[in-house]
Each structure stands twice: as structure tokens, then as C-alpha cells.
Amino acid sequence: MGSRPDIEVELRRLELRFAATRVSDERAVQRLVQSIDACGQLIACIAVDEPHPEGKIMASPWVLIDGYRRVAALRKLGRDTARVECWSCTVTQALAQVLARSHSRTFTAIEEALLLRDLMDGQRLSQREAALQCGRDVSWVQRRLQLLGEVPEAVLEAVRCAQVSTWGAVRVFVPLARANADHAQRLLASLGQPQQALSTRELSDWFAHYRCAQSSQRERMVEHPRLFIDSVTERERERAATQLKGGPEQQAVGELAHLQAQLERVRRALGALQWPAGMPLARACRRVRAAVPEVDAELRRLGHEVDRDPQQRAHAARAGSLAARDQPAAAPVAQHGAADIAPAQCAGGHAGGGCSDAAAAEGGLRARAG
């Protein structure tokens, strides 16, 4: 299948034979209108010159294969012609080729940035000129160039070699290099070893734990990222097995233990304050007090504080359900209380939380690495 140089074809000569196979998208058409009006038609439509049956003397129609939205945008702009790439094949062959091309992948942001840099350096284009040639706005060019400026050259090379994903380069290595360039370089060197490689998801988990880890832990994490992730994964499996074995009762025991520790911290914090309290603190106190009766009723129901007589236990259960029904909904309390009184996960030391995982994995990492 060959193609001839692009030519200008009158819109009235284009046969929109496959218009019914296209999904209408007015927003996409409007974006094309703006792009074509600003930059011109950058991408040619694809058509096949299909001759008429023998005996008919008239201009052959151009069957439009690809570019239906571009044609719609050109009509909205009042244009009479479209730039068309004419393929020397049958309509059937052209449709098959278009479907085959639909499997082509899109470029990642870093690939776009690298191509854009080569385009601008090779042709000495300004950002505005590059935007016009690419059919983009100047802010898109600026964002791509800014991305290249933030990502270290060694990380870019790692992305090209598929050692680090684009997501990992932007979301992990860029902020890590800003905070600690040495750790970023050492982590990249560690990931370059086949036995230390991490997937994008594992790298994301690693960075979440790194944020909460202490200095001594971070040193080992950048040297042995795979060992650390394996330790965390093993600990999560053990926790999941324990939860499965203990069931919801064991989970409730853990939550109550955390609540008890949290209440003690809150009690000490409130005890250090003087009355009258500010309005935000007073509102938070009222919201928590409104939630206490509901929780207290459940604690009494499950804590065996009622009489052992079956009739009294049944009466207490009915009273608890009525009290819970008459109380305000708990959702607003949860929405406000978490933001007002709950400390951050890393600072609060939640049992089983991410930072405790980092500390526990540190022990396993030290033992395995040593």
C-alpha cells in the first residue's frame, strides 16, 4: 500500500461513507476547531480514491477513511478544503490498516518532553513556535520542559532503559532528589541491580514508608530496597493471617486498644488547657460528647456490665438499640472529628500503621542484610 503526497481536496468531494461508525464527541470537535483555527490543519485526513463503475463519467469520490472529526471542525470554521493523504489501495485494505494503527501506543509525558526538546534544539524554535507546530498551547510546552528540568539526567536514562517507570521518576525520584540528592542517587544505583529491582507499585510503597522512616532506617532502605519491601510484605501477610484467624472480635480488640491509648493522649492534652476554650476546640468537644453515648451503649452491651439474668440482658439489649436509634447520625461526627482531634498516622503510632511497618521491617531488613 502506497500513498501520494498530501493534497487539498474540496470537502464536497469527500464521501463520508463511514460516518455512522464514529462516536459523536462535540467537545473533541470543538478542541479541533480551536487548534485548526490557531495552528492550521496539522494532521492530514486519510482517504481512498475510489473510481466509479465503468460507463459513468464523473469525478471520482474520495472515500474518507480517517479524519471525520477534522472534517467536522473544518466545516464549523467555514473552510472549503481539507488536507488529505490519499492511499493507493482499496477501501477494505485502508480500513484494515487504520484498525491496525489503532494499536499504536501513546507517548508518555517524559517521551513527549524529550521529543519536544530535540525538536526545539534541532530547529531552534521558541516555545510559542514549538506549540504552534505541535498543535498545543504554550503552557503544555512549558510543563513538558519543566518536567525535564526537574528529573535528573540519570533518572531520565533509567526511564529510557525501562529501569524506572515515568510515574516513579516523577512521583518518587523528583521529590526525593529535591530533599536528599544522595539518597536518590543511591536508590537509583540499587534499583539498577537485578536482584534489587522494584515494580512501580512496590516503589510507591517504598516511598510511603521512607517518608515516615528515621534517618538510620532510611540509610538501609536506600541500600536494600528489595529486602525492605520483602520484609514489609511478609509482615503484612502475617498480619492478614492473624486477622483472619482472630476474626472480627480480634480486630475489635485491636481497635479498642488503640482507642484507649488515643483517649489517654487526648486526656493529657486537654488537661493541659485552660478554660474558657476557643470556639474550634469547644465545637470539637461537643461533637465527641455527642458520639460518646452510642459507643458507651455498645461497650456496656458487650462488656457484660449488665445483670447476668437473661431477662435483664434482653431488656438492656433493647434499650441499647433504642438509644442508638435516637442518637444523631455518626457520619457527621466522623467527618469532623477525624480532622479536629485525630493525630497524623505517622505521629500517632497507629497499631499496624505504615510507620510501624517501617520500624518492624527495619528489624527484618537488618537481620537479613547483616
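The values are calculated or read from the model by the stated rules, or taken from the named source; none is laboratory data. Just so we're clear, the structure is a prediction, and the values are computed from it rather than from any experiment. Note: ideal-geometry Cβ built from the backbone for every residue, glycine included; neighbour counts use all protein chains shown.
Considering P194, P225, which residue is closer than 25 Å to V155 by Cα and touching a Leu at 6+ places or on another chain (Cβ under 8 Å)?
The match here is P225.
Can you tell me how many residues in region 1-26 are at pLDDT 85 or above and in a helix (DSSP H, G or I)?
So the answer is 5.
Scan region 181-198 for residues that are touching a residue at least 12 places away in the same chain (Cβ under 8 Å) and either assigned to a loop (DSSP other than H, G, I, E, B) or of a type in the set (F, W, Y) (or both) and jot them down.
Of everything in region 181-198, those that are touching a residue at least 12 places away in the same chain (Cβ under 8 Å) and either assigned to a loop (DSSP other than H, G, I, E, B) or of a type in the set (F, W, Y) (or both) turn out to be G192, A197, L198.
Would you be able to say whether some residue in region 202-211 is in the same structural domain as A113 (by TED's automatic domain parsing), among the aliphatic types (A, V, I, L, M), free of Cβ contacts under 8 Å to residues at least 40 places away in the same chain and over 30 Å from G254 (Cβ atoms)? Before you say what the answer is, go through the steps one by one.
Initial filter on region 202-211 (in the same structural domain as A113 (by TED's automatic domain parsing)): 202-211.
Filter once more, keeping what is among the aliphatic types (A, V, I, L, M): 203, 208.
Cutting the leftovers down to free of Cβ contacts under 8 Å to residues at least 40 places away in the same chain gives us 203.
Filter again for over 30 Å from G254 (Cβ atoms), leaving none.
For region 202-211, residues in the same structural domain as A113 (by TED's automatic domain parsing), among the aliphatic types (A, V, I, L, M), free of Cβ contacts under 8 Å to residues at least 40 places away in the same chain and over 30 Å from G254 (Cβ atoms): absent.
With the requirement that a residue be within 16 Å of E10 (Cα to Cα), over 39 Å from the mean Cα position of the chain (by Cα) and in a loop (DSSP other than H, G, I, E, B), what does region 65-101 give you?
Listed by number, the residues that qualify are G78, R79, D80.
Regarding R143, is this residue of a type in the set (D, E, K, R) and either touching a helix residue (DSSP H, G or I) at 6+ places or on another chain (Cβ under 9 Å) or surrounded by 15 or more Cβ atoms within 10 Å (Cβ to Cβ) (or both)?
In short, yes.
Can you confirm whether R218 is of a type in the set (K, R), under 29 Å from G149 (Cα atoms), surrounded by 12 or more Cβ atoms within 10 Å (Cβ to Cβ) and at pLDDT 90 or above?
Working: of a type in the set (K, R): yes; under 29 Å from G149 (Cα atoms): yes; surrounded by 12 or more Cβ atoms within 10 Å (Cβ to Cβ): yes; at pLDDT 90 or above: yes.
Yes; evaluated as a whole, the condition is true for this residue.
If you go through region 156-186 one residue at a time, how many are more than 20 Å from the chain's Cα centre (by Cα) and closer than 17 Å to R117 by Cβ?
3
When you scan region 223-243, do you find a residue that is over 30 Å from Q193 (Cβ atoms), surrounded by 11 or more Cβ atoms within 10 Å (Cβ to Cβ) and not assigned by TED's automatic domain parsing to the domain that holds N180, even just one?
Yes, region 223-243 contains at least one residue that is over 30 Å from Q193 (Cβ atoms), surrounded by 11 or more Cβ atoms within 10 Å (Cβ to Cβ) and not assigned by TED's automatic domain parsing to the domain that holds N180.
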